[in-house]
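Shown next, in structure tokens, is the structure this report addresses.
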Amino acid sequence: MDLGIAGRWALVCGASKGLGRGCAEALVSEGVNVLINARTEAPLRQTATELRAISARWTSAAGQKEPEVLAVACDITTPEGREAVWSAPGGPGRDFDIVLTNAGGPPTGDFRHFTSEDWQRAVNANMLTPIELIKAVVDGMAERGFGRILNITSSAVKAPIDILALSNGARSGLTGFVAGLARSGLAARGVTVNNLLPGKFDTDRLNATLEAAARKTGQSLAEVRQAQAAQVPARRFGTPAEFGALCAFVCSQQAGYLTGQNLLLDGGLYPGTF
Ligand code: NAD
């Protein structure tokens, strides 16, 4: 299926690895120009090189040129980091058609040990940063008549995870904001806003969470991995490529009637009917 987004510009945050990278790969495969971001220069540059290899293989039935790949190493949770993205040479300024907000998840732990600063960092990274990014692009999208905003949140907003109190709390704030924003008249102007909720995906972040669980229970990492994968009805963890495929569809021309949703991708782990 042609998703009808070739030639669009996407900002993909937290994209040197993991889920962000999976989304960037899927978008470049659809002919979308991407500006990828992460904090550390070397792995980001390596990812950009690998995305350009995907771009070089892209062929367009309509004769469009191969997608561009730009990379900006910065901390997206800071005003300076966001400014670096908006002013990137060769980029579209703030005129992105697609914005995927994403950054590292907050640390695991017992909420009794978190300080006010820990909470402020989590709320900044997982709630306020997506809102700042959205604020910068959404009116331009509406004026141009097309926009796709996606936020990577977590299955923890539907089913909280005990050692992820910071994530449970901060991401729920973003979820409430998005629910209101998506219904504020944007869809009539071609702009959709949705959240993607990963369950357990095989990334460095998941490994860090599993290591914390292993420390807590005294089991080995391998035992925790096996036990947790066994709890998923799919009997495995998800892959960044599977996550990226959903992202690309939500960004598609065809998904213009899909807005304000929390799309859970978890191999069937969430036990509820809805
Ligand atoms: P990951 O650690 O594999 O990748 C995170 C990416 O974000 C990296 O490229 C990293 O460099 C970048 N990043 C981190 N902080 C940043 C910042 N301040 N500015 C710019 N870039 C930054 O993680 P992942 O598994 O891809 O997770 C992505 C998000 O999804 C996280 O918020 C995570 O908590 C959430 N999540 C993941 C899972 C899972 O199973 N993997 C489950 C639920 C939620």
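See the values below:
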| quantity | calculated |
| --- | --- |
| Along principal axes, Cα extents of the chain, largest first, whole Å | 57, 40, 37 |
| Taking the chain and dividing mean pair separation by its residue count, relative contact order in percent (alpha carbons under 8 Å, at least six apart) | 22 percent |
| Reciprocal of mean inverse Cα separation for the range 176-219 (Kirkwood radius, Å) | 13.5 Å |
| Value of D in µm² per second that Stokes-Einstein yields for the range 1-154, Kirkwood Rh from Cα pairs, at 4 °C (1.567 mPa s) | 81 µm²/s |
| Proximal lysines relative to Lys158, as straight alpha-carbon distance under 20 Å, when same-chain residues fewer than 8 apart are discounted | Lys200 |
| Trypsin sites (Lys or Arg not before Pro) lying in DSSP loop within the range 3-89, provided at most 12 other Cβ fall within 10 Å | Lys65 |
| Percent of C-alpha pairs per 10 Å bin, the range 165-274, short to long | 13, 34, 34, 15, 4, 0 |
| The chain, dipole about Cα centre (Lys/Arg Cβ +1, Asp/Glu Cβ -1), debye to the nearest 20 | 360 debye |
| The range 19-83: relative contact order as a whole-number percent, Cα under 8 Å and 6+ apart | 39 percent |
| Isolated Cys residues of the chain, judged by Cβ distance under 4.7 Å to other cysteines | Cys13, Cys74, Cys251 |
| Cα-projected label distance for Glu211 with Ile131, points at 7 Å along beta-carbon direction, nm | 3.2 nm |
| Residue (of Ala227, Ile163, Leu210) at the positive-pole extreme of the chain, dipole from beta-carbon charges | Ala227 |
| Positive-pole candidate from Gly180, Gly105, Val123, dipole of the range 99-180, charges at beta carbon | Gly180 |
| Rounded to 10°, Cα long-axis angle of helix 204-217 versus longest principal axis of the chain | 10 degrees |
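Taken together, the values in this text are just the output of simple stated rules run on the coordinates, not laboratory data. Fair warning: this is a prediction, and the values are worked out from it, not measured in the lab. When we count neighbours, we look across all protein chains shown, and the Cβ atoms used for this are built from the backbone with ideal geometry, even at glycine.
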